[in-house]
Amino acid sequence: MLCEAAETLETCGVRLVARSSLWQSPAWPDPADPAYVNAVAQVETRLTPTELLLCLHEVEEQFGRVRSQRNAPRTLDLDIVDFGGLVSDGGEGPVLPHPRADQRAFVLLPLQEIAPGWKHPVTGSAISGLIDALPPGDIHATTQLGPFVRGG
């Protein structure tokens, strides 16, 4: 589904430049739910952050996502982690960078694969330092599954 969703983004004018491996992490808030499969992609687009977020939401809906309540199980969850280093409080669009990306192993580990030199746009912290600051249990619970390829 992730490959198909990435391909669908092209209809909005979003071009995939790089993508991480697939990673698995426990479901949240209920780890008894099916585990999540995560990946990070670098894209190029002429869309604004708001337009890109709307495109992501449209793709989520095409793949069966229903926004019923916060943190409800979902078929697909697409987020903007960083938009060229832009910082925004969300007043006119999405909050950038993603407000919790620097606290999530399932974001940082795949991001490090495709952008090992990435620095948090607000704090300036290197991705390696952000990963080192994560609770060890979060890192161990996030496992690499394999390449992000069609059928994955």
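Bear in mind these aren't lab numbers, they're just calculated from the coordinates by the rules spelled out. Keep in mind that what you see is a predicted model, and the values were worked out from it rather than measured. Cβ: placed from backbone, ideal geometry, glycine included. Neighbour counts: every protein chain shown.
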Hey, in the chain, which Cys have no second cysteine's beta-carbon closer than 4.7 Å?
-> CYS3
Mean separation of Cα contacts under 8 Å (6+ apart) over length of the chain, as relative contact order % | 31 percent
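Nothing charged except the Cβ atoms of Lys and Arg (+1) and of Asp and Glu (-1): what's the magnitude of the dipole of the range 1-123 about its Cα centre? Round to the nearest 20 debye.
Roughly 220 debye, rounded to the nearest 20.
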For the chain, what does -39500 (n - 2.57) per DSSP helix run (n ≥ 4), summed and divided by total residues, give at 222 nm, in deg cm²/dmol to the nearest 500?
-> -8000 deg cm²/dmol
Tensor-based shape of the range 51-151 (alpha-carbon gyration tensor, a/c under 1.5 rounded, otherwise prolate or oblate) = oblate
Can you give the relative contact order of the range 16-59 as a percent, counting alpha carbon pairs under 8 Å and 6+ residues apart?
-> 39 percent
